[in-house]
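Contents: one structure, followed by commentary.
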Amino acid sequence: MLKQRIITALVLLPIALGGFFLLDGVAFALFIGVVVSLGAWEWARLAGLEAQAQRVGYAAVVAALLGVLYLTPVVAPWLLVVAVLWWLAATFLVLTYPYSSRFWGDVPRRLLIGLLILLPAWQGLVLLKQWPQANGLIIAVMVLVWGADIGAYFSGKAFGKRKLAPKVSPGKSWEGVYGGLAASLLITLLVGLQQGWSFKGLVLALVGAALVVFISVIGDLTESMFKRQSGIKDSSNLLPGHGGVLDRIDSLTAAIPLFAALLWLAGWGAL
């Protein structure tokens, strides 16, 4: 398994880095669109569509909607607002599972939720790519999420006692969340000091980083909730040793649109 993970990572890493940081405009949107469409194919299974034709059809619908979004950028701010509202609702759904499944257990609603998860994530990345320090912003949100994941893993291993959401993901603990948050805040603080941010700017950045980290945890737990409801361990086996695309981007699907929305509110980029 470890060998598979390493080989897959070595193959995908240069592709991912090249796609994220060397492509621009339509090419970048298409690259991210392919990733999101693969995620949609996986989500269709979590939503209850077993037939391959149905799953491909759902992915095709998502791809078409991405095309519409690219051609109608005026929709972008509204999509970010919808995404923020969705992830607030998802927090409630995760914390009240399995009771909450009565609100989203049928196939149509699960398919709709897939759109609420995938479309804003694509939109957020496309916006970040268009704004000042585009690649730096993409690196920033990824480092925040990955730093939180690493911090949560080690602090959870060392100190984890109180379960975060035992009915959704029994392995996660509040101590892991705190450790992940501390890691991301430390990264933000060090970057802010190195960049010479003002006191106000540093405080706002730390608050924003904390919000992004917390919502990234909800993104992870949301996919876990749907997998548990469906009795599925991994979203797919597209990435040997790693599971599926959604298993790798679940935290980012929540973090990216909130990160973009916070930057937009701060006046970073125009919409």
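Readers should treat all values here as calculations from the given coordinates under stated rules, not as data from a laboratory. What you see is a predicted model; the values in this text were computed from it and never measured. Note that we place each Cβ from the backbone using ideal geometry, even for glycine, and neighbour counts take in every protein chain shown.
Here are some notes:
- Contour excess over end-to-end distance, with Cα ends at Leu12 and Ala158 and 0.36 nm allotted per residue: 49.5 nm
- Under 18 Å from Lys172, Cα to Cα: lysines that are on another chain or at least 8 residues apart: Lys157, Lys161, Lys163, Lys227, Lys233
- Per-residue extension of 0.36 nm, minus the Cα-Cα distance of Gln194 and Trp174, leaves a gain of 4.2 nm for this segment.
- Mean separation of Cα contacts under 8 Å, 6 or more apart, over the residue count of the chain: relative contact order %: 25
- Taken about its Cα centre, segment 2-265 carries a charge dipole of about 640 debye when Lys and Arg each add +1 at the Cβ and Asp and Glu each add -1 at the Cβ.
- Of Ser224, Ser101, Ser236, the residue with the greatest mean-square motion in the GNM of the chain, using alpha carbon springs below 10 Å, is Ser101.
- When exposed loop sites are taken as trypsin sites (Lys or Arg not before Pro) in a DSSP loop with at most 12 other Cβ atoms within 10 Å, the longest stretch of the chain clear of them is 1-160.
- Over the residues of the chain, the helix contribution to mean residue ellipticity at 222 nm works out to -27000 deg cm²/dmol, using -39500 (n - 2.57) for each DSSP H run of at least 4.
- Look at where the Cα atoms of segment 79-105 and of segment 113-138 average out, and the two centres are 21 Å apart.
- Residue list for segment 10-53, given a label point 7 angstrom along the Cα-to-Cβ vector of Val143 and an amide N cut-off under 18 Å: 17-18, 20-22
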